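In what follows, a single structure is set out as C-alpha coordinates and then discussed.
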Amino acid sequence: MESPVDDLEQRLLDSGDGLTDIMPAAITLAMMFRHRTMASWLRIEFEGYPEGTALPPYRVDLHGHIVARSPQYGWIQAPISEQQTTEYGHVDTWDGVKTLEKICLNCKKGGGHQIKFSEEAQADIQQHINLKAELALSVGRETYSDLLRVIRSAIYLWVEELMALGLNGPHNSFSKEEREKAVNLDTPERYWRQAMEKVDELPVPGVRSVGFFERMFGATG
(Lines give C-alpha, C1' and ligand atoms only; values in the text may rest on other atoms or scores of the structure.)
Protein backbone atom coordinates (compact mmCIF):
# COMPACT_ATOMS: atom_id res chain seq x y z
CA MET A 1 0.00 0.00 0.00
CA GLU A 2 1.27 3.47 -0.87
CA SER A 3 2.27 6.17 1.64
CA PRO A 4 1.41 9.28 -0.39
CA VAL A 5 2.06 11.87 2.33
CA ASP A 6 5.39 10.35 3.41
CA ASP A 7 6.48 9.83 -0.19
CA LEU A 8 5.71 13.44 -1.10
CA GLU A 9 7.63 14.75 1.91
CA GLN A 10 10.69 12.69 0.95
CA ARG A 11 10.54 13.86 -2.65
CA LEU A 12 10.27 17.52 -1.62
CA LEU A 13 13.49 17.16 0.40
CA ASP A 14 15.38 15.36 -2.39
CA SER A 15 17.39 17.84 -4.47
CA GLY A 16 17.56 15.28 -7.28
CA ASP A 17 13.77 15.23 -7.67
CA GLY A 18 12.59 18.17 -9.76
CA LEU A 19 9.53 20.20 -8.79
CA THR A 20 8.10 19.62 -12.28
CA ASP A 21 8.04 15.88 -11.54
CA ILE A 22 6.77 16.30 -7.98
CA MET A 23 3.79 18.56 -8.61
CA PRO A 24 1.50 15.98 -10.29
CA ALA A 25 1.82 13.85 -7.13
CA ALA A 26 1.00 16.90 -4.99
CA ILE A 27 -2.08 17.62 -7.13
CA THR A 28 -3.20 14.00 -6.77
CA LEU A 29 -2.77 14.17 -2.98
CA ALA A 30 -4.74 17.43 -2.80
CA MET A 31 -7.60 15.78 -4.69
CA MET A 32 -7.48 12.76 -2.39
CA PHE A 33 -8.18 15.15 0.51
CA ARG A 34 -10.73 17.15 -1.55
CA HIS A 35 -8.47 20.19 -1.17
CA ARG A 36 -9.80 21.91 -4.27
CA THR A 37 -8.23 25.30 -3.54
CA MET A 38 -4.82 23.72 -3.06
CA ALA A 39 -5.22 21.63 -6.21
CA SER A 40 -6.23 24.71 -8.21
CA TRP A 41 -3.19 26.67 -6.97
CA LEU A 42 -0.86 23.76 -7.74
CA ARG A 43 -2.24 23.43 -11.27
CA ILE A 44 -1.89 27.11 -12.11
CA GLU A 45 1.64 27.17 -10.70
CA PHE A 46 2.47 24.10 -12.75
CA GLU A 47 1.03 25.34 -16.05
CA GLY A 48 1.43 29.09 -15.60
CA TYR A 49 -0.84 32.08 -15.00
CA PRO A 50 -2.84 33.74 -17.80
CA GLU A 51 -0.90 36.78 -19.02
CA GLY A 52 -1.99 39.96 -17.25
CA THR A 53 -3.78 38.28 -14.33
CA ALA A 54 -2.97 39.13 -10.72
CA LEU A 55 0.09 37.27 -9.45
CA PRO A 56 1.17 36.22 -5.95
CA PRO A 57 3.95 38.48 -4.62
CA TYR A 58 6.74 35.92 -5.06
CA ARG A 59 6.22 36.20 -8.83
CA VAL A 60 6.25 40.00 -8.94
CA ASP A 61 9.15 42.40 -9.44
CA LEU A 62 11.93 39.90 -10.13
CA HIS A 63 15.11 41.96 -10.41
CA GLY A 64 17.66 41.64 -13.17
CA HIS A 65 20.36 43.48 -15.13
CA ILE A 66 19.87 45.27 -18.44
CA VAL A 67 22.25 43.81 -20.99
CA ALA A 68 23.15 44.56 -24.60
CA ARG A 69 24.08 42.06 -27.29
CA SER A 70 27.63 42.58 -28.54
CA PRO A 71 28.67 41.02 -31.89
CA GLN A 72 32.01 40.11 -30.29
CA TYR A 73 31.22 39.23 -26.68
CA GLY A 74 27.56 38.23 -26.60
CA TRP A 75 25.44 39.69 -23.81
CA ILE A 76 27.26 42.38 -21.82
CA GLN A 77 26.22 44.91 -19.19
CA ALA A 78 24.48 47.88 -20.82
CA PRO A 79 25.60 51.43 -19.91
CA ILE A 80 22.29 52.45 -18.36
CA SER A 81 21.40 54.93 -15.65
CA GLU A 82 20.02 54.24 -12.20
CA GLN A 83 16.68 55.67 -13.33
CA GLN A 84 16.48 53.23 -16.24
CA THR A 85 17.39 50.36 -13.93
CA THR A 86 14.58 51.40 -11.60
CA GLU A 87 12.12 51.62 -14.49
CA TYR A 88 13.12 48.59 -16.56
CA GLY A 89 15.31 46.40 -14.33
CA HIS A 90 12.55 44.14 -13.05
CA VAL A 91 9.86 41.86 -14.42
CA ASP A 92 6.83 39.81 -13.36
CA THR A 93 6.56 36.21 -14.48
CA TRP A 94 3.44 34.28 -15.49
CA ASP A 95 5.46 31.22 -16.61
CA GLY A 96 4.61 27.89 -15.04
CA VAL A 97 6.92 25.73 -12.92
CA LYS A 98 7.64 23.53 -15.94
CA THR A 99 9.08 26.51 -17.86
CA LEU A 100 10.87 28.13 -14.92
CA GLU A 101 12.59 24.92 -13.84
CA LYS A 102 13.71 24.27 -17.40
CA ILE A 103 15.21 27.80 -17.51
CA CYS A 104 17.18 27.02 -14.33
CA LEU A 105 18.41 23.67 -15.60
CA ASN A 106 19.55 25.22 -18.88
CA CYS A 107 21.46 28.06 -17.18
CA LYS A 108 25.03 27.82 -15.97
CA LYS A 109 25.52 28.25 -12.23
CA GLY A 110 25.74 32.01 -11.70
CA GLY A 111 24.24 32.63 -15.14
CA GLY A 112 20.96 34.20 -16.19
CA HIS A 113 18.07 34.12 -18.60
CA GLN A 114 17.60 36.95 -21.10
CA ILE A 115 14.09 38.38 -21.53
CA LYS A 116 13.62 40.62 -24.55
CA PHE A 117 12.11 44.05 -24.03
CA SER A 118 9.05 45.20 -25.93
CA GLU A 119 9.80 47.36 -28.97
CA GLU A 120 8.59 50.43 -27.09
CA ALA A 121 10.74 49.77 -24.03
CA GLN A 122 13.81 48.96 -26.14
CA ALA A 123 13.39 52.15 -28.19
CA ASP A 124 13.07 54.24 -25.03
CA ILE A 125 16.21 52.78 -23.44
CA GLN A 126 18.18 53.04 -26.69
CA GLN A 127 17.24 56.69 -27.02
CA HIS A 128 18.61 57.50 -23.58
CA ILE A 129 21.87 55.56 -23.89
CA ASN A 130 22.51 56.32 -27.58
CA LEU A 131 23.03 52.64 -28.33
CA LYS A 132 21.33 50.68 -31.10
CA ALA A 133 22.26 47.19 -29.88
CA GLU A 134 19.58 44.66 -28.98
CA LEU A 135 18.71 44.93 -25.28
CA ALA A 136 17.31 42.46 -22.78
CA LEU A 137 16.73 42.00 -19.07
CA SER A 138 18.96 39.27 -17.65
CA VAL A 139 17.30 37.58 -14.66
CA GLY A 140 19.67 35.41 -12.63
CA ARG A 141 19.28 31.66 -12.38
CA GLU A 142 19.21 31.92 -8.59
CA THR A 143 16.27 34.35 -8.76
CA TYR A 144 14.20 31.72 -10.54
CA SER A 145 15.49 28.99 -8.23
CA ASP A 146 14.46 31.05 -5.18
CA LEU A 147 10.97 31.51 -6.63
CA LEU A 148 10.63 27.76 -7.19
CA ARG A 149 11.91 27.09 -3.69
CA VAL A 150 9.07 29.21 -2.26
CA ILE A 151 6.52 27.09 -4.15
CA ARG A 152 8.24 23.87 -3.07
CA SER A 153 8.38 25.10 0.54
CA ALA A 154 4.67 25.94 0.53
CA ILE A 155 3.87 22.37 -0.51
CA TYR A 156 6.26 21.09 2.16
CA LEU A 157 4.52 23.14 4.90
CA TRP A 158 1.15 21.74 3.80
CA VAL A 159 2.50 18.18 3.87
CA GLU A 160 4.02 18.73 7.33
CA GLU A 161 0.62 19.74 8.69
CA LEU A 162 -0.97 16.65 7.14
CA MET A 163 1.67 14.56 8.91
CA ALA A 164 1.06 16.39 12.20
CA LEU A 165 -2.57 15.24 11.99
CA GLY A 166 -1.42 11.64 11.67
CA LEU A 167 -2.48 11.37 8.02
CA ASN A 168 0.76 9.85 6.81
CA GLY A 169 1.46 6.13 6.56
CA PRO A 170 0.05 3.60 4.09
CA HIS A 171 -3.03 4.88 2.24
CA ASN A 172 -4.48 4.46 -1.21
CA SER A 173 -7.46 6.60 -0.22
CA PHE A 174 -8.66 8.63 2.77
CA SER A 175 -11.88 8.13 4.71
CA LYS A 176 -14.47 10.83 5.24
CA GLU A 177 -13.28 11.18 8.83
CA GLU A 178 -9.65 11.60 7.74
CA ARG A 179 -10.60 14.18 5.14
CA GLU A 180 -12.59 16.10 7.73
CA LYS A 181 -9.54 16.24 10.00
CA ALA A 182 -7.66 18.05 7.21
CA VAL A 183 -10.49 20.25 5.97
CA ASN A 184 -8.91 23.43 7.39
CA LEU A 185 -5.63 22.83 5.55
CA ASP A 186 -7.02 23.71 2.12
CA THR A 187 -5.33 27.12 2.33
CA PRO A 188 -2.48 27.52 -0.19
CA GLU A 189 -2.12 31.25 0.38
CA ARG A 190 -1.37 30.65 4.05
CA TYR A 191 1.38 28.21 3.11
CA TRP A 192 3.04 30.33 0.44
CA ARG A 193 2.99 33.36 2.73
CA GLN A 194 4.66 31.28 5.44
CA ALA A 195 7.11 29.96 2.85
CA MET A 196 8.09 33.49 1.80
CA GLU A 197 8.92 34.29 5.44
CA LYS A 198 10.59 31.00 6.41
CA VAL A 199 12.13 29.71 3.18
CA ASP A 200 15.71 30.09 4.43
CA GLU A 201 14.89 28.13 7.60
CA LEU A 202 13.35 25.15 5.79
CA PRO A 203 15.26 22.08 4.56
CA VAL A 204 13.78 22.40 1.06
CA PRO A 205 16.29 22.54 -1.82
CA GLY A 206 16.36 24.90 -4.76
CA VAL A 207 16.90 23.77 -8.35
CA ARG A 208 20.04 21.68 -8.70
CA SER A 209 22.85 22.79 -11.00
CA VAL A 210 23.66 20.57 -13.96
CA GLY A 211 26.80 20.15 -16.03
CA PHE A 212 27.39 21.13 -19.65
CA PHE A 213 26.49 17.79 -21.20
CA GLU A 214 23.32 17.43 -19.15
CA ARG A 215 22.26 20.96 -20.14
CA MET A 216 22.90 20.11 -23.77
CA PHE A 217 21.38 16.64 -23.88
CA GLY A 218 19.50 15.87 -20.69
CA ALA A 219 17.73 18.93 -19.36
CA THR A 220 16.12 20.41 -22.42
CA GLY A 221 13.29 17.94 -22.91
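The values are calculated or read from the model by the stated rules, or taken from the named source; none is laboratory data. Bear in mind that the values here come from a model prediction, so they are computed numbers and not experimental data. Glycine also receives a Cβ, built like all others from the backbone with ideal geometry; neighbour counts cover every protein chain displayed. These area figures cover heavy atoms from the full protein model, side chains too; ligands, DNA and RNA do not enter into them. Shrake-Rupley method; radii C 1.70, N 1.55, O 1.52, S 1.80 Å.
Checked against the criterion of being among the basic types (Lys, Arg), at pLDDT 95 or above and open to solvent by less than 60 Å² (accessible area, probe 1.4 Å), the candidates Arg215, Arg149, Arg190 yield just one match: Arg149. When you scan segment 127-143, do you find a residue that is surrounded by 14 or more Cβ atoms within 10 Å (Cβ to Cβ), in contact (Cβ under 8 Å) with a residue 40 or more places away in the chain, under 26 Å from Asp14 (Cα atoms) and touching a Leu at 6+ places or on another chain (Cβ under 6 Å), even just one? There is at least one residue in segment 127-143 that is surrounded by 14 or more Cβ atoms within 10 Å (Cβ to Cβ), in contact (Cβ under 8 Å) with a residue 40 or more places away in the chain, under 26 Å from Asp14 (Cα atoms) and touching a Leu at 6+ places or on another chain (Cβ under 6 Å).
How many residues are under 18 Å from Asp186 (Cβ atoms), of a type outside the set (A, V, I, L, M) and surrounded by fewer than 19 Cβ atoms within 10 Å (Cβ to Cβ) if we restrict to segment 10-45?
Pass one, segment 10-45, residues under 18 Å from Asp186 (Cβ atoms): 23, 25-45.
Subset that is of a type outside the set (A, V, I, L, M): 28, 33-37, 40-41, 43, 45.
Cutting the leftovers down to surrounded by fewer than 19 Cβ atoms within 10 Å (Cβ to Cβ) gives us 28, 34, 36-37, 40, 43.
The number of residues fulfilling the criteria is 6.
Within segment 154-181, being touching a helix residue (DSSP H, G or I) at 6+ places or on another chain (Cβ under 6 Å) and among the small types (Gly, Ala, Ser) holds for one residue alone: Ala154. Of all residue pairs spaced 6 or more apart or on separate chains, those with beta-carbon atoms under 9 Å, a first member in segment 169-187 that is assigned by the TED database to the domain that holds Tyr156 and in a loop (DSSP other than H, G, I, E, B) and a second member that is surrounded by 12 or more Cβ atoms within 10 Å (Cβ to Cβ) and among the small types (Gly, Ala, Ser) are Gly169/Ser3; Pro170/Ser3; His171/Ser3; Phe174/Ala182; Asp186/Ala30; Asp186/Ala39. Check whether at least one residue in segment 59-73 is among the aromatic types (Phe, Trp, Tyr) and open to solvent by 70 Å² or more (accessible area, probe 1.4 Å), and report yes or no. Yes, the conditions are met somewhere in segment 59-73.
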